[in-house]
Amino acid sequence: MSNTRETASATAADTAPGAPSSSAPCGIMQRLRERTSGIHAETERLPLMAALLDPGVTPADYARYLAALHGVYASVEPALYAALSPTVVTRLGVRPKLPALQRDIAALGLSPCLPPSGRPPRAVVDGEAAVLGGLYVLEGATLGGRVIATRLQRTLGPEMGLPLSFLNFHGAEAGAAWRRFSAAMTDLCLQARAQDDAVAAGAVAVFEAVHRALREAGAGAQG
Ligand code: HEM
């Protein structure tokens, strides 16, 4: 999986200087990828994530994954959207993913519950720049989500009718949605270049919240 991400970076680095930002995921996107690559790799290695990609995956693993992410999305996503103007949200081409997550959880016959610790996940994301970084994580998760969805379909079988509206959030439009998001992020951050550090800090804070939730959910399963 990491190779796929490295290939994406190489493609960005090969882009000709001066190319329009809509086709050049450089600048802030490159920086975000670099700043989060360590925690992304650590997250992929978590027992629950490894279980999802293992041939022995069970529907219970998938349910635990959705429940863990629900904790983060329910506590973080509404605050991120509330902090952005409708104009910026439209430019980014994003919409909340929480309803899809809740649909899938309900389709599995579950109701969202608190994590084993009993505390909802927290991420400190202050200011519009940090909020953009946080959205980068929630939106970028759709890229890996497609990889996980394809694997689950293969291992558990399409006949299980697994609800995948969260993992397959943008469906066939995933690539186009990510390009649009990347271009808008690049333009928005170019307008306020001094805030790149704040954007990256927001991304790291949200990624750490996701990581903690998935680690805790995996530990809960083992114990
Ligand atoms: C087993 C778990 C995961 C796998 C296998 C995985 C895999 C991937 C892959 C293959 C990509 C690159 C896609 C492409 O370039 O077309 C990617 C990108 C990304 N993933 Fe994951 N991912 C996983 C979990 C997560 C989680 C839990 C999050 C955060 C909630 C996340 C956030 C991101 C972000 C932000 C990107 C965009 C990176 C960029 O700037 O290019 N991933 N992931």
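Counting residues in region 207-220 that are surrounded by fewer than 20 Cβ atoms within 10 Å (Cβ to Cβ), more than 14 Å from the ligand (Cβ to nearest atom) and either within 14 Å of the chain's Cα centre (by Cα) or in a helix (DSSP H, G or I) (or both) gives one or more. Among residues that are aliphatic (A, V, I, L, M) and either under 13 Å from the mean Cα position of the chain (by Cα) or buried (at least 16 other Cβ atoms within 10 Å of the Cβ) (or both), Leu46 is included. Once region 68-98 is narrowed to residues that are part of a helix (DSSP H, G or I), hydrophobic (A, V, I, L, M, F, W, C) and farther than 17 Å from Arg122 by Cβ, the residue that is farthest from the chain's Cα centre (by Cα) is Val88. The residues of region 10-44 that are assigned to a helix (DSSP H, G or I) and either over 30 Å from Arg212 (Cα atoms) or at pLDDT below 50 (or both), listed by number, are Ala10, Thr11, Ala12, Ala13, Asp14, Ser21, Ser22, Ser23. Here the condition is being under 20 Å from the mean Cα position of the chain (by Cα), within 15 Å of the ligand (Cβ to nearest atom), buried (at least 20 other Cβ atoms within 10 Å of the Cβ) and part of a loop (DSSP other than H, G, I, E, B); of Ala184, Ala123, Ala141, it holds for Ala123 alone. Go over the candidates Val76, Val57, Val72, Val89 one by one and state the one that is touching a helix residue (DSSP H, G or I) at 6+ places or on another chain (Cβ under 9 Å) and away from the ligand (no atom under 12 Å from the Cβ). None of the others qualify; the one that does is Val89.
Evaluation of Leu98 against the conditions (1) modelled with pLDDT of 95 or more; (2) near the ligand (Cβ under 10 Å from one of its atoms); (3) crowded, with 17+ Cβ neighbours inside 10 Å; (4) not charged (D, E, K, R) shows that the sole unmet condition is (2).
For region 150-166, taking the residues that are within 15 Å of Asp104 (Cβ to Cβ) and without any contact (Cβ under 8 Å) to a residue 40 or more places away in the chain, the one that is farthest from the ligand (Cβ to nearest atom) is identified as Gly161. A Cβ distance below 6 Å, combined with a sequence gap of six or more or placement on separate chains, defines the contacts here; from region 100-115, residues that are more than 23 Å from His170 (Cα to Cα) reach residues that are assigned to a helix (DSSP H, G or I) and at pLDDT 90 or above in the pairs Leu110/Ala63; Pro115/Gly71; Pro115/Glu216.
The values are calculated or read from the model by the stated rules, or taken from the named source; none is laboratory data. Bear in mind that the values here come from a model prediction, so they are computed numbers and not experimental data. Cβ coordinates were reconstructed from backbone atoms using ideal geometry, including for glycine residues, and neighbour counts include every protein chain displayed.
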